[in-house]
Amino acid sequence: MQCQSCGMLIMKPEEFSTEANGVRKLDYCKFCYYKGSFTEPEITMAEMAVKLAGPMRINKNITEEQAKETAMDLLKGLKRWQGKTGQ
């Protein structure tokens, strides 16, 4: 499964997020959503793209600008960012 906030592939049960009551939530990873709340509730789509661009740039051997564009394209398809602009 893929985190619907950051796009991370969730491979292990312990990587999934949880609701406040401890029930596992399958839409998000534990780094983005924890105990019923987003860990960074105020982060914008553009800020998330910058956050993802660093590792993406290294892993794909691309420029920072290419990484930001790739990250924005990824985020546009995720549940958390549906209907939101890149601001």
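How much net charge surrounds A20 when only other residues with a Cβ under 14 Å from its Cβ are counted (Lys, Arg +1; Asp, Glu -1)? Intermediate values should be presented prior to the final figure.
Numbers: positive: R24, K25, K30, K35; negative: E19.
Result for the local shell: +3.
Return the calculated 222 nm mean residue ellipticity for the chain, to the nearest 500 deg cm²/dmol, obtained by summing -39500 (n - 2.57) across DSSP H runs with n ≥ 4 and dividing by the residue count. Walk me through the intermediate numbers first.
Details: 2 runs with 29 residues, N = 87.
One gets -11000 deg cm²/dmol as the mean residue ellipticity at 222 nm.
Within 10 Å of each residue's Cβ, count the other Cβ atoms and sort S37, S17 from fewest upward.
On the way: S37 11, S17 24.
So the ranking, lowest neighbour count to highest, is S37, S17.
Sorted fewest first by neighbouring Cβ atoms within 10 angstrom, K84, K12 come out as K12, K84. Between 0 and 90 degrees, the angle of helix 64-76 with respect to the longest Cα principal axis of the chain falls at about 40 degrees.
A DSSP coil position with no more than 16 other Cβ atoms inside 10 Å describes the following GluC sites (Glu not before Pro) in the chain: E19, E42. Relative contact order for the chain: what percent, with Cα pairs under 8 Å and sequence separation of 6 or more? So the answer I get is 27 percent. Helix 45-60 and the long axis of the chain differ in direction by around 70°, with both axes built from C-alpha atoms.
With 10 angstrom as the radius, rank L26, L52 by how many other C-beta atoms surround their C-beta, starting from the fewest. Walk me through the numbers before you get to the answer.
Working: L26 10, L52 20.
Going from least to most buried by this count: L26, L52.
Taken together, the values in this text are just the output of simple stated rules run on the coordinates, not laboratory data. All figures in this text were calculated on a predicted structure; none of them were measured in a lab. Note: ideal-geometry Cβ built from the backbone for every residue, glycine included; neighbour counts use all protein chains shown.
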